[in-house]
Amino acid sequence: MTELHGVFIDVEVADAVSGDAELARRLEEACPVDIYAASDTGVEVVRENLDECVLCGLCLDAAPDDTVVVKKLYDGTTLAR
Ligand code: SF4
């Protein structure tokens with residue numbers, strides 16, 4: 001079946017921080033469209049919400065530099081602060 005989520009946007013969280021429960025909570029709180037879900041094992045990217053991203057950059061502010069990347073698949077660039 002074709003992947004229907006994340007057509008326009010993809011988000012990557014670096015392996016080095018994806019298991020950080022505190023960062024996971026910050027990301028969950030920061031994103032207005034619930035792209036991040038915090039669990040005991042760290043952060044999960046909620047794929048069905050990816051294309052709701054409003055490119056606000058709040059997740060980049062909440063994470064250490066270069067650990068979260070928001071990719072604009074439609075033009076091949078990434079969101080930068
Ligand atoms: S840029 Fe904004 S809307 Fe997009 S994933 Fe980050 S916090 Fe969520």
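Readers should treat all values here as calculations from the given coordinates under stated rules, not as data from a laboratory. What you see is a predicted model; the values in this text were computed from it and never measured. No Cβ is skipped: glycine too gets one built from the backbone with ideal geometry, and neighbour counts run over all protein chains shown.
Among the helices (runs of 4 or more DSSP H) lying completely within the range 1-66, list those that include at least 3 residues that are within 9 Å of the ligand (Cβ to nearest atom).
Result: 58-62.
Here is a yes/no grid of residues against (1) touching a strand residue (DSSP E or B) at 6+ places or on another chain (Cβ under 7 Å); (2) on the phi > 0 side of the Ramachandran plot; (3) aliphatic (A, V, I, L, M):
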{"site": "LEU50", "(1), (2), (3)": "yes, no, yes"}
{"site": "GLY57", "(1), (2), (3)": "no, yes, no"}
{"site": "PRO64", "(1), (2), (3)": "no, no, no"}
{"site": "THR67", "(1), (2), (3)": "yes, no, no"}
{"site": "TYR74", "(1), (2), (3)": "no, no, no"}
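Looking only at residues that are part of a loop (DSSP other than H, G, I, E, B) and within 20 Å of PHE8 (Cβ to Cβ) in the range 67-80, which one is farthest from the ligand (Cβ to nearest atom)?
GLY76
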